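Here the structure is laid out as structure tokens; the discussion comes afterwards.
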Amino acid sequence: MKVTFPRMFSLIQRTPNPHDREPDQGEPVDAIVGHLLAEVPSGGCVGLAVGSRGIAGLGSLIATCCTAIKARGFTVRILPAMGSHGGATSGGQKQVLASYGVDQEQLACPIDANMETMDLGPSSLGTHVHWSRAASQVDAVVMINRVKPHTDFKGSLGSGLLKMLVVGLGKREGAAGFHRAAMQHGYENVLRAHAEHILRAMPIAGGLAILENARHERHSLHGVHAKVMVEQEEELFKIAAGLMPRLPSDDLDLLIVDQIGKNLSGSGMDPNIIGRGVHGYSTHFAEQPDSPRIKRIMVRDLSAESHGNAIGIGMADFTTSRLVRAMNKPMTFVNAMTAMTLNGAKIPIHFERDDEVIQWALDTLVDAVNAGPRVLRIRDTLNLDFMEASEALLPELQSREEIKILSPLEVMAFNQEGQLKDLPRQAPLS
């Protein structure tokens, strides 16, 4: 096998920054908390539900919420709302929260990570709804979550407060029940039916819905009362869909993803970005979606914040042996089986060195190599600002207003161990 590595250049994909336009930061936290708890008698306990996503400024937002809730005469209990994440154990879920700076000592709020659930009975679909027993024992539940398109399904709702309510606070049993029911009735149908059932039966006050822009910065913050949660989240979902980042090219031969992880996407890497579904895919060009069309995907590493959960590795064609070693297989398998996305845990072809993986990936492209491969390298599917692209993409990208070329063409470089140098975690200043 003799493959010539392409010449690469670095670039920034510039997207609107909230600080560069008329700001839309939404409502202040104190006002949101006051609105959500207006009908809850003071002196009770508020359960603050927190998930496992890498949301910008999550730790400080939780601290601010705790302060605002306590100022109104309530006590606060942190409720991990992440389904089967963290290995579906109490200790594992506390560890996930700790990695986001959610510490019960610093917050002066206990974390109740009890995984026990209760059966709330059948939904309107006849499917049983299992929900956190700990969450049922507080006087009001307030949730914090980002609203964005979901990785497993498309519709008028996605990932947000409703999914946290049903799946996150459903713990392992409720999350598994939701995904099993979704196989029969459809994701959004089950999400709506289970959410409506929980909202009627449990003490839900509402939530703080976060919208992020394409730069993974907070776009705005919205208070969503339980009484209008479904309708309001539908409206927020439309805005969130328009804020989603995307790759600068829809036609790629090889996409190199530096890291995957649960903190970056519920699926490890976002199917909305890569165009591959969690229930399986085909690399046969004719069977790929209209956009984007990616023939080969290589994933290099697993984020430390994912704590060994390598879900999403199965959507790649190639990976590195070090990522496979970093994989906590029981944790990954539990997540895959709970979400009924078994393909996401399958281990692709892997080699020890980056250069060896890339050589094989390019070698399987055949015609693309002769024409000059269209290669793009990104940090992850959440951060699509700073990246590297191959020479074949230069004519297409250099004329685009939102693209700034940062470096001249240089042959793809590796260190003595055959590894690529990591891309910066934050884009250089433009």
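Structure above, values below:
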read-out	value
Check on residue 190, within 17 Å of the chain's Cα centre (by Cα), within 16 Å of residue 122 (Cα to Cα) and at pLDDT 90 or above	no
Residue check, residue 162 assigned by TED's automatic domain parsing to the domain that holds residue 44 and within 26 Å of residue 335 (Cα to Cα)	yes
Residue among 335, 343 that is surrounded by fewer than 21 Cβ atoms within 10 Å (Cβ to Cβ), touching a residue at least 40 places away in the same chain (Cβ under 8 Å) and not assigned by TED's automatic domain parsing to the domain that holds residue 85	343
In the range 41-62, the residues that are crowded, with 19+ Cβ neighbours inside 10 Å and either outside the structural domain of residue 103 (by TED's automatic domain parsing) or farther than 24 Å from residue 131 by Cβ (or both)	54
Any hit, the range 233-242, residues being outside any helix (DSSP H, G or I), crowded, with 19+ Cβ neighbours inside 10 Å, not assigned by TED's automatic domain parsing to the domain that holds residue 359 and not aromatic (Phe, Trp, Tyr)	no
Segments classed as helices (runs of 4 or more DSSP H), wholly inside the range 311-430, with at least 1 members that are under 30 Å from residue 173 (Cα atoms), at pLDDT 95 or above and more than 20 Å from the chain's Cα centre (by Cα)	321-326
Residue in the range 80-92 that is modelled with pLDDT of 90 or more and touching a His at 6+ places or on another chain (Cβ under 6 Å) present	no
Members of the range 279-305 found to be exposed (fewer than 13 other Cβ atoms within 10 Å of the Cβ) and modelled with pLDDT of 65 or more, listed by number	291, 304
Residue within the range 166-173 that is outside the structural domain of residue 341 (by TED's automatic domain parsing), at pLDDT below 90 and either closer than 18 Å to residue 84 by Cα or under 17 Å from the mean Cα position of the chain (by Cα) (or both) present	no
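Here's the yes/no breakdown for (1) in contact (Cβ under 8 Å) with a residue 60 or more places away in the chain; (2) among the charged types (D, E, K, R):
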| residue | (1), (2) |
| --- | --- |
| 194 | yes, no |
| 199 | no, no |
| 202 | yes, no |
| 206 | yes, no |
| 212 | yes, yes |
| 225 | yes, no |
| 228 | no, no |
| 232 | no, no |
| 236 | yes, no |
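The values are calculated or read from the model by the stated rules, or taken from the named source; none is laboratory data. Note that the structure is predicted; figures quoted are calculated from it, not measured. Don't worry about glycine lacking a Cβ; one is built from the backbone with ideal geometry, like all the others, and counts go over all protein chains shown.
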